[in-house]
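**Student:** Just passing along the structure, written as structure tokens.
The values are calculated or read from the model by the stated rules, or taken from the named source; none is laboratory data. A quick note: this is a predicted structure, and the numbers were derived from the prediction, not measured. Note: ideal-geometry Cβ built from the backbone for every residue, glycine included; neighbour counts use all protein chains shown.
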Amino acid sequence: MDFQALKQEVILYSKEIGIDKIGFTTANTFDEMKNRLLRQQELNYQSGFEEPDIEKRVNPALVVPEARSIISIALAYPSKLKNPPQSKRGERRGIFCRASWGTDYHTVLRKKMALLEEFLKEKAPEVVIKSMVDTGELVDRAVAERAGIGWSGKNCSIITPEFGSYVYLGDIITSLPFEPDTPMEDRCGECNKCVDVCPTGALVQGGQLDSSKCIAFLTQTKGFLPDEYRTKLGNRLYGCDTCQTVCPENKGKDNHFHDEMEPDPELAKPLLRPLLTMSNRDFKDKFGHVSGSWRGKKPIQRNAIIALAHFKDEAALPELMDLIREDPRPVIRGTAAWAIGKIGGDEAYLALKQAKIEEQDQEVLQEIEKGLQMQDI
């Protein structure tokens, strides 16, 4: 079989089905990435969402024993909302990161890769294939970097000349010996903006992230958010884009190529107060198709409460007081107590004093105490 000709056919077909960029690399081990992952593990910088077996993350043959090559694909996504709704007094809004705009990117990429798989199986029926997006064993960024999709930026994202870092990545391990593409030269140079402006200092240095401090990770946790990060959250409900929005390579990049990725402004920047009382069914119906819903409504509601405290939104006090009295979840009751204290005022003080009498949970009581200590009364 002429694999060079087949590679060109795959490239042409990828354009037909709406893949914005495609690259090829070998199935050799990712030795440099292995060293970086071992260092991350040593420093306890992982998020806990990754594949725990480092060997599987860097050795494609452990995932597909017949592996000979890896195809990397990239789909570009929008960076700007058309007609974004305004956050105003009494109607404050939160924000989902750009990677959670439109239909869940896992779904979109899997459909594209399924088409590529079918194409390859038609051309080479004996091919062995495995596709993965984000939650697979391999490190998408390492594959994309070696396949020439872009370079690995200091913000820990793949940066492409065409689309900036606003791209979703997918990998297809194959048993076909495709010729590898050439990796791209790093263009970050002396620029250090992403490291300098990271809200929590999670970007320890260019290309090294302490995931436990990253706001994108913190917004997905389900427990109480550590005190030192609450004021850093702002109105973020899911994810964080700061290290991308400050990147000079992203200036002017706004990629509207895929209808399914087009954001609904009311979902990308939802009103905060309605989130507080949303049922599981309502949450699933409204947000279930976006990637930011994968951890359920609890983290989003907790983050919404913190966002209301950020705005010091007095209009939200009745809802927050209802949460303290009635919500069965300690994290929500406690975060509401902290937020009430942050918003402040006589009404807030009285609500916290009453809650202190009625509350039984020790962690919630600690949050009530924090709220009381913020009062000037």
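**Student:** Restricting the search to segment 51-83, which residues are within 21 Å of the chain's Cα centre (by Cα) and at pLDDT 95 or above?
**Tutor:** S72, I73, A74, L75, A76, Y77, P78, S79, K80, L81
**Student:** OK, next. Taking segment 238-287 as the search range and keeping residues that are of a type in the set (G, A, S) and closer than 21 Å to F311 by Cβ, which one is surrounded by the fewest Cβ atoms within 10 Å (Cβ to Cβ)?
**Tutor:** Ranking the candidates gives G239 first.
**Student:** Looking at segment 69-92, can you tell me whether even one residue there is surrounded by fewer than 17 Cβ atoms within 10 Å (Cβ to Cβ) and more than 30 Å from L308 (Cβ to Cβ)?
**Tutor:** No - not one qualifying residue is present in segment 69-92.
**Student:** Moving on to the next point. List the number of the failed condition for R302; all other conditions in (1) over 29 Å from Q354 (Cβ atoms); (2) within 22 Å of the chain's Cα centre (by Cα); (3) of a type in the set (K, R) hold.
**Tutor:** Failing condition for R302: (1).
**Student:** Related question: Could you say which residue among T107, T135 is part of a helix (DSSP H, G or I) and within 24 Å of F49 (Cα to Cα)?
**Tutor:** Unique residue meeting the criteria: T107.
**Student:** Under 7 Å by Cβ, and 6 or more places apart or on different chains, what pairs join a residue from segment 226-254 that is over 17 Å from L203 (Cβ atoms) and among the small types (G, A, S) with one that is modelled with pLDDT of 95 or more and not in a helix (DSSP H, G or I)?
**Tutor:** Matching pairs, first to second residue: none at all.
**Student:** List, please: which pairs have Cβ atoms under 6 Å, are six or more places apart or on different chains, and start with a residue in segment 50-63 that is in contact (Cβ under 8 Å) with a residue 24 or more places away in the chain and end with one that is surrounded by fewer than 17 Cβ atoms within 10 Å (Cβ to Cβ) and hydrophobic (A, V, I, L, M, F, W, C)?
**Tutor:** So the pair list comes out as K56/L62.
**Student:** Sort out which residues of segment 16-30 are among the charged types (D, E, K, R) and more than 26 Å from the chain's Cα centre (by Cα), and write them in order of number.
**Tutor:** E16
**Student:** Return yes when Q40 is in a loop (DSSP other than H, G, I, E, B), surrounded by 14 or more Cβ atoms within 10 Å (Cβ to Cβ) and at pLDDT below 95 and no when it is not.
**Tutor:** So Q40 does not fit the description; no.
Listed here are the residues, each with its yes/no results for (1) polar (S, T, N, Q); (2) within 22 Å of D264 (Cβ to Cβ); (3) in contact with a Leu (Cβ under 9 Å, 6 or more places away or on another chain).
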| residue | (1), (2), (3) |
| --- | --- |
| K82 | no, yes, no |
| P85 | no, yes, yes |
| P125 | no, no, no |
| G136 | no, no, no |
| D140 | no, no, yes |
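**Student:** Need pairs with beta-carbon distance below 9 Å; first residue under 14 Å from L169 (Cα atoms) and within segment 109-128, second surrounded by fewer than 18 Cβ atoms within 10 Å (Cβ to Cβ) and small (G, A, S); sequence gap 6+ or separate chains.
**Tutor:** Close Cβ pairs (under 9 Å, with a partner that is surrounded by fewer than 18 Cβ atoms within 10 Å (Cβ to Cβ) and small (G, A, S)) amount to K112/G18.
**Student:** Are there any pairs, at least 6 apart or on different chains, whose C-beta atoms fall under 8 Å, with the first in segment 1-24 and of a type in the set (S, T, Y) and the second outside any helix (DSSP H, G or I), and if so, which?
**Tutor:** S14/I22; S14/I73
**Student:** Among the residues of segment 185-205, which ones are within 19 Å of the chain's Cα centre (by Cα), in contact (Cβ under 8 Å) with a residue 40 or more places away in the chain and surrounded by 16 or more Cβ atoms within 10 Å (Cβ to Cβ)?
**Tutor:** C194, V195, C198, P199, L203, listed by residue number.
**Student:** Of the residues that sit in segment 140-158 and are part of a helix (DSSP H, G or I) and of a type outside the set (V, I, T), which one is surrounded by the most Cβ atoms within 10 Å (Cβ to Cβ)?
**Tutor:** The extreme case among them is A144.
**Student:** Among the residues that make up segment 339-360, is at least one of them charged (D, E, K, R), more than 17 Å from G94 (Cβ to Cβ), surrounded by fewer than 23 Cβ atoms within 10 Å (Cβ to Cβ) and free of Cβ contacts under 8 Å to residues at least 24 places away in the same chain?
**Tutor:** yes
**Student:** Among T231, T174, T182, which is of a type in the set (S, T, Y) and either crowded, with 17+ Cβ neighbours inside 10 Å or within 19 Å of the chain's Cα centre (by Cα) (or both)?
**Tutor:** Testing whether each residue is of a type in the set (S, T, Y) and either crowded, with 17+ Cβ neighbours inside 10 Å or within 19 Å of the chain's Cα centre (by Cα) (or both) leaves just T174.
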